[in-house]
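Chemist: The following block contains the structure, expressed as structure tokens.
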Amino acid sequence: MRYFVIGLIFITGSIMMDCNSNNAVKPPVAERIPHRDTLFNDIRTDNYHWLRDRDNPKVIQYLKDENAYTEAMTKHTKKLQETLYNEMLSRIKQTDLSVPVKYGPYFYYTRTEKGKQYPIYCRKKGSLKAEEEVLLDENALAKGHKFFSLGVFEVSPDHRYLAYSTDTTGSETYTIQIKDLQTGKVFPEKIPNTYYSLAWANDNRTFFYTVLDAAKRPFKLYRHRLGEDPSKDVLMHHEKDEKFFISVRRSKSGQFIFMDLSSQVTSEERFLPANRPQGAFKIFRPRTYKVEYYLNHQGDYFYIRTNDNAINFKLMRTPVNKIGTESWQTVIPANEKVMLESIEPFKDFIAVLERDNGQKKIRILPQNGTPAYDIDFKEPVFTVSFTGNKEYATDELRFNYQSLITPSSVYDYNMRLKTRELKKRQEVLGGYDPANYTMERLWAKAKDGTAIPISVVFRKGLKKNGSNPTLLYGYGAYGITIDPYFSSNRFSLIDRGFIYAIAHVRGGGALGRQWYEDGKLLKKKNTFTDFIACAEYLIGQKYTDPEHLAIMGGSAGGLLMGAVTNMRPDLFKAVIAHVPFVDVLNTMLDPTLPLTVIEYDEWGNPHIEKYYWYIKSYSPYDNVQPKEYPNMLVTAGLNDPRVSYWEPAKWVAKLRALKTDNHLLLLKTNMGAGHSGASGRYDYLKEVAFDYAFLIDRILEKE
């Protein structure tokens with residue numbers, strides 16, 4: 001875990017409660033205990049460094065005191081929380097079935113049952129009318145645990161064995177087990193301390209998996225054979241460069257196992273014939289700093305998606321037996337305006353997912369020499385993704401389509417006939433009608449003149465009177481785009497008059513790779529000023545005003561929340577920061593923490609002076625000042641391996657000590673979960689209801 005022990009005395013305040021009045025409830029007080037360090041002639045004092053010691057019972061008590069304070073200060077919203085929960089639950093078809101995925105002789109699917117938190121994994125052989133076979137019931141596995149997460153779920157090529165992994169703490173450290181699907185027997189061996197990837201060889205007895213080092217980095221790849229002692233598993237690769245993670249996957253063609261070695265800006269692929277698991281992996285192309293490439297296989301060729309001299313990536317191919325770059329051929333050339341995001345290979349086609357001017361599109365490349373073509377979509381704001389494409393020798397491409405008002409929709413598209421079939425659209429119960437709502441794509445002007453896209457949804461008939469309650473969401477890191485996906489939960493806000501908006505700020509990938517590059521390292525502040533520009537645009541165009549504008553973001557988006565709240569607290573009435581990465585400088589100075597070293601290429605290495613001062617200039621924790629702040633709800637996960645619980649805890653403690661207002665400041669720590677919060681679907685809805693109740697209470701408190 002990410003913790004640091006120091007030999008100091010810990011003191012926390014106590015909570016004084018009056019059950020009849022929230023005004024009599026006093027927030028916990030974290031004692032300020034100076035902890036100093038010096039770098040680049042900068043003497044820094046961190047008064048709340050002691051909160052890193054989770055082994056000290058007074059730290060845990062402080063977190064519990066904050067939770068009790070949050071509970072007391074939101075007691076008056078309990079009825080509203082219950083109303084919101086029941087509303088959101090009423091829109092969900094609780095007993096439901098996913099679209100079955102054909103894979104070999106079986107149809108695989110999941111189903112949910114009313115009252116059960118987790119899905120049940122099933123299959124049918126030969127026909128959807130065949131008898132159901134239950135492969136795994138997450139509800140049974142989760143019994144007795146407050147948290148449960150399924151990691152890998154990989155069926156052997158002959159469909160007899162299932163390798164699966166579980167985490168019951170939220171630490172994202174998984175234990176692999178193997179089940180014989182013919183007998184129902186679970187093999188005695190357990191493989192602990194593993195990560196998210198696993199690949200079967202073609203002998204149906206061997207698989208490859210990754211394990212974690214002390215910093216939670218998948219750094220070793222092992223080979224395991226069923227029935228054997230995992231302690232004798234063969235080490236296939238030990239990645240000693242701390243910037244690189246290992247993952248492993250099987251090609252859809254079934255002919256190769258790929259070992260992916262990747263850092264934030266560099267990658268290397270190694271491959272092994274799936275028929276020869278006892279062999280050694282071969283390097284495809286040695287790593288070159290700032291060159292990324294990703295392999296797929298089809299027929300006689302390897303296909304390579306790479307950014308080598310192509311900022312938005314290009315697609316190349318080379319014969320399997322001639323992998324040198326001199327044999328590479330261009331399939332899709334580089335395009336500075338269109339981002340090549342991923343490919344899905346089939347025996348006779350390649351499906352390509354691209355992003356053009358902020359919108360995703362699918363391009364089909366037939367392998368018979370006929371021209372490539374695009375699949376058309378009608379809505380002005382939408383998102384699309386590949387899903388469930390397990391079969392290699394098929395003409396059917398499966399994709400998911402959705403928008404801010406169109407529920408998640410699974411289509412099968414015949415690439416030969418150019419026809420599509422809707423297999424299933426998410427049912428939204430209670431009379432939901434997309435015709436009652438309006439979507440817009442807006443463009444705000446950033447500080448430097450750059451146009452920033454905003455996706456917006458609201459109920460038809462809404463008047464732009466400058467006072468509509470609005471929730472503006474943002475992320476802006478790692479090149480990840482928050483696409484305009486559908487969520488039935490949001491309509492508990494929208495139907496109460498809220499506008500919901502997503503700011504597609506730089507640092508994300510909305511407008512291609514350069515969009516990402518312009519919001520990282522020494523350009524990181526663009527992310528924050530872009531978000532502020534989006535907020536100002538919504539206000540200037542009379543969608544809302546500062547008294548009715550709330551903002552939300554999580555993890556790296558929580559950093560965004562902290563930075564813009566320090567910069568422009570006057571713009572926002574309420575802020576929700578989920579597991580926020582707000583102690584950026586201290587975390588990036590500590591290479592023993594998970595993600596620190598690999599993320600030097602995202603934030604910069606603060607042991608280098610120019611990055612130190614730049615990070616310090618925006619790090620939310622380091623820039624809290626004595627001034628007024630909005631109402632704030634901050635969450636944390638005690639077992640979070642990505643953003644340690646102490647980051648939000650320290651931030652809230654410092655805000656309590658320095659802020660000059662009487663606005664609500666709440667810290668809610670999940671004491672039995674990690675980065676993603678509650679794992680069960682009903683528990684998750686309760687968390688959403690809590691967030692929405694906070695927003696409604698704070699934004700509409702005067703109305």
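Chemist: What is the residue count in region 604-629 for residues that are in a loop (DSSP other than H, G, I, E, B), touching an Asp or Glu at 6+ places or on another chain (Cβ under 9 Å) and buried (at least 23 other Cβ atoms within 10 Å of the Cβ)?
Modeler: Total satisfying the criteria: 2.
Chemist: Can I ask one more? I'd like to know if region 535-546 contains one or more residues that are within 21 Å of the chain's Cα centre (by Cα) and modelled with pLDDT of 95 or more.
Modeler: No, because not a single residue in region 535-546 is within 21 Å of the chain's Cα centre (by Cα) and modelled with pLDDT of 95 or more.
Chemist: Name the one entry in Met552, Met561, Met588 that is in contact with a strand residue (DSSP E or B) (Cβ under 6 Å, 6 or more places away or on another chain), of a type in the set (A, V, I, L, M) and under 24 Å from Thr45 (Cα atoms).
Modeler: Of the residues listed, the single one that is in contact with a strand residue (DSSP E or B) (Cβ under 6 Å, 6 or more places away or on another chain), of a type in the set (A, V, I, L, M) and under 24 Å from Thr45 (Cα atoms) is Met561.
Chemist: Please enumerate the residues belonging to region 439-469 that are among the β-branched types (Val, Ile, Thr) and either in contact with a helix residue (DSSP H, G or I) (Cβ under 6 Å, 6 or more places away or on another chain) or under 24 Å from Asn400 (Cβ atoms) (or both).
Modeler: Once the filter is applied, which keeps residues that are among the β-branched types (Val, Ile, Thr) and either in contact with a helix residue (DSSP H, G or I) (Cβ under 6 Å, 6 or more places away or on another chain) or under 24 Å from Asn400 (Cβ atoms) (or both), region 439-469 yields Ile452, Ile454, Val456, Val457.
Chemist: Could you please give the count of residues in region 385-402 that are in contact (Cβ under 8 Å) with a residue 24 or more places away in the chain and either over 17 Å from Leu422 (Cβ atoms) or part of a loop (DSSP other than H, G, I, E, B) (or both)?
Modeler: 8
Chemist: When you scan region 239-254, do you find a residue that is modelled with pLDDT of 95 or more, small (Gly, Ala, Ser), in a loop (DSSP other than H, G, I, E, B) and in contact with a Lys or Arg (Cβ under 7 Å, 6 or more places away or on another chain), even just one?
Modeler: Looking through region 239-254, none of the residues is modelled with pLDDT of 95 or more, small (Gly, Ala, Ser), in a loop (DSSP other than H, G, I, E, B) and in contact with a Lys or Arg (Cβ under 7 Å, 6 or more places away or on another chain).
Chemist: Right, another one. Can you tell me how many residues in region 145-191 are of a type in the set (A, V, I, L, M, F, W, C) and in contact (Cβ under 8 Å) with a residue 60 or more places away in the chain?
Modeler: So the answer is 2.
Chemist: Of all residues in region 87-122, how many are of a type in the set (Ser, Thr, Tyr), surrounded by 18 or more Cβ atoms within 10 Å (Cβ to Cβ) and more than 24 Å from the chain's Cα centre (by Cα)?
Modeler: The total comes to 2.
Chemist: Is there any pair with a first residue in region 286-298 that is at positive phi and touching a residue at least 60 places away in the same chain (Cβ under 8 Å) and a second that is of a type in the set (Phe, Trp, Tyr) and part of a loop (DSSP other than H, G, I, E, B) whose Cβ atoms are under 8 Å apart and which are 6 or more apart or on different chains, and what are they?
Modeler: none
Chemist: Which of (1) surrounded by 15 or more Cβ atoms within 10 Å (Cβ to Cβ); (2) assigned to a strand (DSSP E or B) does Tyr432 not meet, given it meets every other one?
Modeler: Tallying (1) surrounded by 15 or more Cβ atoms within 10 Å (Cβ to Cβ); (2) assigned to a strand (DSSP E or B), Tyr432 fails exactly one: (2).
Chemist: Looking at region 103-126, can you tell me whether even one residue there is acidic (Asp, Glu) and over 27 Å from Tyr411 (Cα atoms)?
Modeler: No, region 103-126 contains no residue that is acidic (Asp, Glu) and over 27 Å from Tyr411 (Cα atoms).
Chemist: Then there's this: Just wondering, is there one or more residues in region 566-582 that are in a helix (DSSP H, G or I) and within 23 Å of the chain's Cα centre (by Cα)?
Modeler: No - not one qualifying residue is present in region 566-582.
The values are calculated or read from the model by the stated rules, or taken from the named source; none is laboratory data. The shown structure was predicted, so the numbers you read here are calculated from the model rather than taken from an experiment. Ideal geometry is used to build each Cβ from the backbone, glycine not excepted, and the neighbour counts take in all protein chains shown.
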